[in-house]
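Below you'll find the structure, written out as structure tokens, and then a few comments.
Just so it is clear, none of the values below were taken in a lab; they were calculated from the coordinates. This one's a predicted model, so the numbers in the text were calculated from it and none came from an experiment. Here the Cβ positions follow ideal geometry from the backbone for every residue, glycine too, while neighbour counts run over all protein chains shown.
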2 protein chains.
Amino acid sequence: MSRKAKPDVAQILEIGRTCVCFNVRKASRAVTHVYDSALRSVGLRATQFALLSAIKILQPVTVTHLAQATITDRTTLGRNLKLIEKKGLIRMLSGEDLRERNVYLTERGEGAVAKGISLWEEAQTRLTEQLGEERVERLLNDLSLLVEAARRV
Amino acid sequence: MSRKAKPDVAQILEIGRTCVCFNVRKASRAVTHVYDSALRSVGLRATQFALLSAIKILQPVTVTHLAQATITDRTTLGRNLKLIEKKGLIRMLSGEDLRERNVYLTERGEGAVAKGISLWEEAQTRLTEQLGEERVERLLNDLSLLVEAARRV
DNA sequence: CTCAGGTGAGAGTATATACACGTTTTGTCG
DNA sequence: CGACAAAACGTGTATATACTCTCACCTGAG
């Protein structure tokens with residue numbers, strides 16, 4: 001009784017069906033594939049397009065701020081920024097506070113976002129057609145609540 | 001007019017709000033953090049617990065089969081399997097068809113799943129409390145449809 | 001002013017993910 | 001039977017992710 005019994009397959013099946021983590025990650029892989037494919041022709045990954053978009057909105061913005069806004073680990077973000085900096089899409093400059101690095105879009109970065117938008121729109125439209133607009137809206141809302149919930153845990 | 005104009009911030013804001021990819025990935029990061037933290041005391045990542053669970057259900061199973069079942073790239077899966085093989089949690093043996101590698105849980109793998117279950121349950125329960133059971137059920141259902149939709153695109 | 005503690009960022013390490021390409025084995029058809 | 005297609009898997013390379021540790025810089029208490 002006190003000895004931990006081998007879990008049976010039925011129990012694991014139920015975990016697989018109900019686990020929020022597994023299922024969100026699985027969906028993340030499937031959806032990322034759609035957007036990565038769509039954006040390939042401009043040489044951007046979905047993550048990079050997302051990052052450029054966030055910078056477009058928040059610029060000038062520090063690394064830590066951007067990390068909080070995108071729910072990304074600061075060190076992860078730093079490495080992702082380095083990649084798009086090497087492509088010449090952003091600049092990172094120290095301001096008055098020498099610890100900070102302020103991130104800006106370059107002209108090329110602006111152009112990349114502009115080119116990405118139409119490709120993004122096509123992917124988003126095709127996916128929305130498959131899923132239905134109402135369901136997409138509901139899903140986005142639930143995902144937003146999920147992020148809040150996860151941060152409170 | 002034909003010249004691509006700089007997209008304005010309002011448009012990008014709308015993209016950030018509505019993009020299924022950004023928002024699923026963001027949720028994936030937030031949720032993974034919860035489950036990774038919960039499982040840390042047994043030395044498993046959420047991904048690894050998921051993988052062991054899938055093997056528990058499907059064993060013996062080939063790499064390609066497991067990849068299809070988990071919506072993971074075959075080469076990604078191969079590398080993830082190598083990590084839990086090194087920990088002694090699974091075995092990979094060739095069968096009659098020498099191209100195939102059949103994956104099995106070891107005794108230690110069974111034990112790891114058993115230990116992981118209670119930790120998983122705690123994380124899942126805390127998250128469900130924050131989000132509400134009905135919303136979790138709806139979200140899981142919508143995510144499942146999303147995966148199907150993404151695969152049809 | 002000084003320094004103790006806090007803050008912003010990078011480096012080291014490890015895992016997760018996937019595309020392009022190559023290798024071995026199997027199956028199939030003339 | 002032999003050549004060629006198909007299947008299963010691994011390797012090389014690149015990006016995404018995050019934890020731990022370290023360092024530089026800033027700021028406020030005394």
Would you be able to tell me the number of residues in the stretch A:54-80 that are within 25 Å of B:D8 (Cβ to Cβ), assigned to a helix (DSSP H, G or I) and either touching a residue at least 60 places away in the same chain (Cβ under 8 Å) or not hydrophobic (A, V, I, L, M, F, W, C) (or both)?
-> 5
Of the conditions (1) surrounded by fewer than 19 Cβ atoms within 10 Å (Cβ to Cβ); (2) part of a helix (DSSP H, G or I), A:V24 clears all except one; give me its number.
-> (1)
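Here is a yes/no grid of residues against (1) of a type in the set (G, A, S); (2) at the interface with chain B (Cβ under 7 Å from one of its Cβ atoms); (3) more than 8 Å from DNA strand C (Cβ to nearest atom):
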residue: A:I12; (1), (2), (3): no, yes, yes
residue: A:G16; (1), (2), (3): yes, yes, yes
residue: A:F22; (1), (2), (3): no, yes, yes
residue: A:Y35; (1), (2), (3): no, yes, yes
residue: A:Q48; (1), (2), (3): no, no, yes
residue: A:S53; (1), (2), (3): yes, yes, yes
residue: A:T75; (1), (2), (3): no, no, no
When only residues in the stretch A:131-149 that are within 7 Å of chain B (Cβ to nearest Cβ) and over 20 Å from A:A30 (Cβ atoms) count, which is surrounded by the most Cβ atoms within 10 Å (Cβ to Cβ)?
-> A:A149
Per the filter on the stretch A:119-130, residues more than 9 Å from chain B (Cβ to nearest Cβ) and either within 18 Å of A:R45 (Cβ to Cβ) or in contact with a helix residue (DSSP H, G or I) (Cβ under 8 Å, 6 or more places away or on another chain) (or both) are A:L119, A:E122
Has the stretch A:115-125 got at least one residue that is more than 16 Å from DNA strand C (Cβ to nearest atom) and of a type in the set (F, W, Y)?
-> yes
In the stretch B:55-73, what residues are among the charged types (D, E, K, R) and either over 19 Å from A:C19 (Cβ atoms) or near DNA strand C (Cβ under 8 Å from one of its atoms) (or both)?
-> B:D73
Among the residues of the stretch A:94-153, the number that are in contact (Cβ under 8 Å) with a residue 40 or more places away in the chain, in contact with a strand residue (DSSP E or B) (Cβ under 7 Å, 6 or more places away or on another chain) and more than 16 Å from DNA strand D (Cβ to nearest atom) is 2
Identify, from the list B:R29, B:R79, B:R40, the residue that is among the charged types (D, E, K, R), within 10 Å of DNA strand D (Cβ to nearest atom) and under 18 Å from A:A27 (Cα atoms).
-> B:R29
If you take the residues of the stretch B:86-109 that are more than 16 Å from DNA strand C (Cβ to nearest atom) and over 16 Å from A:G16 (Cβ atoms), which of them is surrounded by the fewest Cβ atoms within 10 Å (Cβ to Cβ)?
-> B:E107
Just one listed residue, out of B:L83, B:L39, B:L51, B:L13, is surrounded by fewer than 21 Cβ atoms within 10 Å (Cβ to Cβ), in a helix (DSSP H, G or I) and touching a residue at least 24 places away in the same chain (Cβ under 8 Å), and it is B:L83
